Structures are given as structure tokens and as C-alpha cells.
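Beneath this line is the structure, given in C-alpha cells, with notes to follow.
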Amino acid sequence: MKIVYRHLLGRSLVVALRKRLTAAMGVVALLAAVLTGTAAGTASAAPQAAPVAAAEASPGWVCPGTPIPPGYVITSRAANGCNGAGAWYMQPAQDGIWICATSPIPPGYVLTLHTANGCNSKIDTWFMQLARDGQWVCAGSPIPTGYVLTGHISTGCGNIGIWFQQVARAGQYICPGVPIPPGFRTGAFNASMCGGLGGWLLLSA
């Protein structure tokens with residue numbers, strides 16, 4: 001009888017210890033979420049949204065750290081959202097839209113204008129458009145596949161510099177540092193090209 005009683009008592013202690021350990025782990029996880037800004041709370045200025053998969057994505061407000069699905073961009077910020085952490089508004093990408101500096105840039109898009117006081121929070125904001133042949137783009141804009149930069153003006157795009165973007169063709173001079181598209185190679189260098197930065201002659205491979 002004593003052996004059975006001790007066995008049952010031992011099992012009870014194990015169960016109790018497991019419950020306490022589970023509860024403690026839950027507290028640790030909650031503290032980690034709070035410290036990293038991933039804990040959900042009641043937004044004071046905008047609704048919140050849980051992380052979403054690309055297939056389930058829809059326009060709406062999300063908290064910092066929420067993954068932005070492919071094909072979506074961030075277009076506005078509510079400083080008091082997400083318990084003061086700031087909420088971000090995400091929506092599908094489209095041609096001709098202002099996006100916040102924190103936004104991803106989907107493939108095939110470029111940045112053509114810039115303001116330092118946008119996104120409803122006086123932060124850097126960029127005008128995003130679909131890439132086109134013969135287009136001026138801001139410094140730092142992605143260079144889509146098949147395009148090259150052939151000209152430069154240092155005072156454009158809010159004085160951060162702009163670059164002339166064209167579809168790659170043999171016979172163009174491309175600016176220094178521009179990736180060479182597949183099927184091409186570079187030839188002679190001309191110091192007067194690309195707004196005085198110099199340029200390399202693009203030739204068929």
C-alpha cells in the first residue's frame with residue numbers, strides 16, 4: 001500500500017511540475033513577444049491584422065514585424081496604432097502609387113519620385129511605377145531585368161540623383177556599375193557619357 005501511495009504521489013508531483021513548467025514557458029513566450037514587438041494588442045488609431053499568407057492577403061492595417069505578402073506594398077502609417085508601435089497600411093501594388101520607405105518593392109517596379117514628408121507621418125515616401133523604356137528613376141531604385149541605366153542628373157529626385165533607364169540594346173553606353181544583362185557584353189569606355197560619369201559601350205555577346 002505504501003509503495004502504491006508513493007507511486008501515485010510521485011505521479012501527482014510530476015503532473016503538477018509539468019503544469020507549472022508549461023505555465024512558465026507561456027509567460028516567457030509572452031514576455032519575448034512584448035519585448036520584440038510581436039505581441040498583439042488593441043490598436044488605438046487603426047485596426048490590427050495578424051500575419052497573413054499571400055493567398056489570404058487583403059488590404060488592411062498591420063503591426064510592425066508582420067510579413068508583407070508578395071505583390072503588396074505599404075502606403076501609410078498610423079503612429080498611434082498597435083499600442084503605440086505604429087501601424088502600417090498594406091495594399092496590392094499598382095502602377096503610379098506612393099509607398100513608404102519601409103515598403104517592399106515588387107519585381108518589375110521602379111521608383112521615380114521622392115518626398116521626405118509623406119506616408120502620413122512625415123517620413124520618406126517614394127512614387128512607384130511599372131518599369132518602362134526611356135524613364136527617369138531615382139537613385140537606389142531597382143533595375144529590372146533587361147534594363148540598363150544610360151544617363152544621370154545629380155540634382156533630380158529631390159537632390160538624391162536620377163538615372164535614365166532604357167531597355168538594353170547593343171550600341172548604348174551604360175553607366176558605371178550597371179549590371180550587364182544576359183546576352184550582352186561591354187566594349188570601349190567613353191568618359192563623357194552618363195552625365196560625365198563615363199559609360200561603357202554595350203555590345204551583343
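The values are calculated or read from the model by the stated rules, or taken from the named source; none is laboratory data. From a predicted model like this one, the values you see are computed outputs, not experimental measurements. Heads up, the Cβs are rebuilt from the backbone with ideal geometry, glycines too, and the neighbour counts pull from every protein chain shown. SASA here: full protein model, heavy atoms, side chains in, ligands and nucleic acids out. Shrake-Rupley method; radii C 1.70, N 1.55, O 1.52, S 1.80 Å.
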Please work out which residue is most open to solvent (accessible area, probe 1.4 Å), limiting yourself to region 68-91 and to residues that are out of contact with any Ser or Thr (no Cβ under 9 Å at 6 or more places or on another chain) and under 28 Å from V167 (Cβ atoms). P70
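Name every residue in region 126-154 that is hydrophobic (A, V, I, L, M, F, W, C), open to solvent by less than 50 Å² (accessible area, probe 1.4 Å) and within 11 Å of T112 (Cα to Cα), in order of residue number.
W126, F127, M128, A131, V137, C138, A139
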Qualifying residue in region 66-76 (condition: assigned to a loop (DSSP other than H, G, I, E, B), closer than 30 Å to Q172 by Cα and either modelled with pLDDT of 95 or more or not charged (D, E, K, R) (or both)): no
Pairs needed: first member in region 194-205, without any contact (Cβ under 8 Å) to a residue 24 or more places away in the chain; second member anywhere, open to solvent by 50 Å² or more (accessible area, probe 1.4 Å) and among the charged types (D, E, K, R); C-beta distance under 9 Å; at least 6 residues apart or different chains. A205/R185
Please work out which residue is most open to solvent (accessible area, probe 1.4 Å), limiting yourself to region 155-198 and to residues that are among the hydrophobic types (A, V, I, L, M, F, W, C) and assigned to a strand (DSSP E or B). F189
